[in-house]
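The values are calculated or read from the model by the stated rules, or taken from the named source; none is laboratory data. Owing to the predicted nature of the structure, the values given are computational and were not obtained by experimental measurement. Positions of Cβ are backbone-derived with ideal geometry, glycine not excepted, and every protein chain shown enters the neighbour counts. Remember, those area values only see protein heavy atoms, side chains included, never the ligands or the DNA or RNA. Shrake-Rupley method; radii C 1.70, N 1.55, O 1.52, S 1.80 Å.
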Amino acid sequence: MDDLAALKTKYEAEIAAATDEAALEAVRVAALGKKGEVSLMMRGLGAMSPEERQLAGPALNALKASLSDAIAVRRSALADAALEARLAEETVDVTLPPRPARTGTIHPITQVTEEVIAILADLGFGVAEGPQVETDWYNFDALNIPADHPSRTEMDTFYMHRDPADPRPPHVLRTHTSPVQIRYMEAHGAPCRIIAPGRVYRADYDQTHTPMFHQVEGLAIDRDISMANLKWTLEEFCRAFFEVETIELRFRASHFPFTEPSAEVDIRCSWTDGQLRIGEGDDWMEILGSGMVHPKVLRAAGVDPDEWQGFAFGIGIDRLAMLKYGMPDLRAFFDSDLRWLQHYGFRPGDVPRTFA
Ligand code: DAH
């Protein structure tokens, strides 16, 4: 009997110590399997005297039943624990925000260019393009820019390689998008209504100037187009672009060789605590140059100035982007710093549209 008690203690300890199904099964086989310790003892009952058997039989049966129960309880506890562990491991917290896949962003210049195109296309302007490496004639002469104009110096303009044997003036990296006016009128004549967005180049570098930047040129030619049409167009544009109902523009007399009269256009704004607000306040900020296309420019492009007239304007796209989205340093636009791009970039699905 002492043997049985010791056996019981030993197997109960082993059952308790089994930490998984396989270990528990090994304990069961060792005790109750066909050749298990308890089974072998039960088989020995046959060789006992009836008196001995009467004592040992119930005791062995009780041991077998007790161990069987203990194993069943332990098995179920292990199964519960395994399930708990699995549930914990596979838990999905549906209240957590999804982790966004890291994607590229749309550069603010691209976004603003698309916005400008969308708004002006709505006003009836088509999109035209011209080359970035331009001839001296398209970039300067045809636009009535005199040979001695300061903007032609190498201080301002990037010239392509000069071939000493070639008498023609060297090509330039276009300094503005205005040459597209000439190219378009040459090819399509009047009337026309186009915008020309694109890269332009000037030898300049500080917080608000980079050697490459972006402009959008506007040109509307017909028989009776006036400054009033220009003013309305620019007001509509600014209202839509800055998303402010109360826009106020100020036309300041200016001079551009390619327009007569010429006006620089300022927009009413306020600066408080470094925060720019468009459409209110007592400050004015220059946003573009414009005017009525000079008769000499029309003639240079093959359009008869006695029959046709119209307006033109040139806007800095980078400057518009800085104003609308509060980006203080233009140089950062072209640094390709991923942190800047993630912060100021737009999601690819944010397509600009002009309707609410
Ligand atoms: N081309 C000028 C510049 O780069 C901008 C400009 C001014 C364009 C007046 C125009 C205009 O079409 O009429 O500064």
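Keeping to the range 274-300, report how many residues are within 16 Å of the ligand (Cβ to nearest atom) and among the charged types (D, E, K, R). Adding up the residues that qualify gives 2. If the condition is being closer than 15 Å to HIS209 by Cβ and small (Gly, Ala, Ser), then the range 331-344 contributes only ALA332. Residues of the range 239-267 that are touching a strand residue (DSSP E or B) at 6+ places or on another chain (Cβ under 6 Å) and more than 13 Å from the ligand (Cβ to nearest atom): PHE242, VAL244, GLU248, LEU249, ARG250, ASP266, ILE267. Of all positions in the range 46-67, at least one carries a residue that is surrounded by 13 or more Cβ atoms within 10 Å (Cβ to Cβ) and not in a helix (DSSP H, G or I). The set of residues in the range 62-98 being in contact (Cβ under 8 Å) with a residue 12 or more places away in the chain and within 29 Å of ALA5 (Cβ to Cβ) consists of LEU63, LYS64, SER66, LEU67, SER68, ALA70, ILE71, ARG74, ARG75, LEU78.
Picking from residues in the range 161-182 that are in a loop (DSSP other than H, G, I, E, B) and near the ligand (Cβ under 10 Å from one of its atoms), the one that is nearest to LYS296 (Cα to Cα) is SER178.
Of the residues making up the range 301-325, those that are of a type in the set (Gly, Ala, Ser) and more than 14 Å from the ligand (Cβ to nearest atom) are GLY302, ALA321. When residues in the range 282-330 are screened for being closer than 26 Å to HIS209 by Cβ and either open to solvent by 30 Å² or more (accessible area, probe 1.4 Å) or touching a Pro at 6+ places or on another chain (Cβ under 8 Å) (or both), 14 of them pass.
Checking GLU129 against (1) within 17 Å of PHE213 (Cα to Cα); (2) surrounded by 16 or more Cβ atoms within 10 Å (Cβ to Cβ), which single condition isn't satisfied? The failed condition is (2). Is it the case that some residue within the range 341-354 is surrounded by 14 or more Cβ atoms within 10 Å (Cβ to Cβ) and free of Cβ contacts under 8 Å to residues at least 40 places away in the same chain? No, there is no match, as no residue in the range 341-354 is surrounded by 14 or more Cβ atoms within 10 Å (Cβ to Cβ) and free of Cβ contacts under 8 Å to residues at least 40 places away in the same chain.
In the range 180-205, of all residues being touching a helix residue (DSSP H, G or I) at 6+ places or on another chain (Cβ under 8 Å) and more than 20 Å from LEU230 (Cβ to Cβ), the one that is least open to solvent (accessible area, probe 1.4 Å) corresponds to GLY198.
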